[in-house]
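Novice: First the structure, then my questions, so here it is.
The values are calculated or read from the model by the stated rules, or taken from the named source; none is laboratory data. A quick note: this is a predicted structure, and the numbers were derived from the prediction, not measured. Virtual Cβ from ideal backbone geometry, glycine too; neighbours counted across all protein chains shown. The accessibility values were calculated without ligands, DNA or RNA, using every heavy atom of the protein model including side chains. Shrake-Rupley method; radii C 1.70, N 1.55, O 1.52, S 1.80 Å.
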Amino acid sequence: MTSSSTPRMHTYKRTSSPRSPTNTGDIFTPAHEENVRFIHETWLCVLRDIKSSQNSERNDRGPQEYVEKTPNPNLHTFIPVDLNDIKKRNTQDSKKS
């Protein structure tokens, strides 16, 4: 991520109850949902803090983006993988079989 890019937060569907299955048949325990909620809320706080620090003078106390001083040349052609897309394709492939 470069200093000019904006962090992105993906939104996920919440289940109607802690043990309600999703379309994929996964069951989420109350502990899992609590962990996801904690991470989501904390990430939103980080995004808010980053945005507010960009609008004010440089603040060394808030969140800071890590940028490699010497980028790894082996990662120059790296393309991020969309895990949700892979999961959808695998689900569709299994339905075809």
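Novice: Cut-off 20 Å, label point 7 angstrom out along Cα-to-Cβ of His32: give me the residues of the stretch 77-93 whose amide nitrogen falls inside.
Specialist: Once the point is set 7 Å along Cα→Cβ of His32, 83-92 turn out to lie under 20 Å by backbone N, inside the stretch 77-93.
Novice: Provide Arg61, Arg37 ordered by accessible surface of protein heavy atoms (probe 1.4 Å), highest first.
Specialist: Sorted by accessible area, descending: Arg61, Arg37.
Novice: Could you compute how much accessible surface Leu75 exposes when probed at 1.4 Å, giving the result in Å² to the nearest 10?
Specialist: In the full protein context, Leu75 sits at about 110 Å².
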